[in-house]
Amino acid sequence: MNKEKFNNELEQDEILEQVEIEVYAKQDKKPPRAKSYKIRIDKIKYDVKSESISGRGLLELTGKQPITNYRIDQKLRGGSTKKIELDEMVCLLTKGIERFMTLPLDQTEG
């Protein structure tokens with residue numbers, strides 16, 4: 001039994017080349033550590049080299065300018081969404097993150 005436990009621990013510590021977080025969310029599993037993560041923002045997939053990224057970093061990936069005119073939300077398994085602030089860090093290893101969505105902010109003057 002100890003050998004089996006040791007082997008399971010080794011598997012958990014193994015770092016994969018790339019992980020697509022949406023696949024793990026749909027399987028209701030926590031994504032494993034990887035060298036890069038494939039995330040989807042709106043309908044486009046992006047490669048991220050870190051297991052965490054800021055809201056600002058997510059918006060910068062999309063190329064939408066100026067980023068202060070947009071907000072970004074994460075869609076979670078089960079359909080709920082969560083707004084991500086520009087300086088808020090998102091851990092891509094969090095269970096249940098399916099994808100991200102950008103929304104233009106209404107810039108009308110009162």
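The values are calculated or read from the model by the stated rules, or taken from the named source; none is laboratory data. These numbers were taken from a predicted model, which means no experiment stands behind them. So basically every Cβ, Gly included, is an ideal-geometry build from the backbone, and we count neighbours across all protein chains shown.
In segment 58-85, what residues are farther than 24 Å from LYS30 by Cα and among the hydrophobic types (A, V, I, L, M, F, W, C)? First the steps, then the outcome.
Within segment 58-85, the subset farther than 24 Å from LYS30 by Cα is 60, 62-71.
Answer for segment 58-85, where residues must be farther than 24 Å from LYS30 by Cα and among the hydrophobic types (A, V, I, L, M, F, W, C): just ILE67.
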Residue within segment 103-110 that is part of a loop (DSSP other than H, G, I, E, B) and either at pLDDT 95 or above or at positive phi (or both) present: no
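Hey, does segment 62-73 have a residue that's in contact with a Gly (Cβ under 6 Å, 6 or more places away or on another chain) and within 18 Å of LYS45 (Cα to Cα)?
Taking segment 62-73 as the starting set, the residues that turn out to be in contact with a Gly (Cβ under 6 Å, 6 or more places away or on another chain) are 72.
With within 18 Å of LYS45 (Cα to Cα) added as a condition, the list becomes 72.
Checked segment 62-73: at least one residue is in contact with a Gly (Cβ under 6 Å, 6 or more places away or on another chain) and within 18 Å of LYS45 (Cα to Cα).
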Members of segment 37-72 that are outside any loop (DSSP other than H, G, I, E, B), in contact with a strand residue (DSSP E or B) (Cβ under 8 Å, 6 or more places away or on another chain) and surrounded by fewer than 16 Cβ atoms within 10 Å (Cβ to Cβ): LYS45, TYR46, ASP47, SER52, ASN69
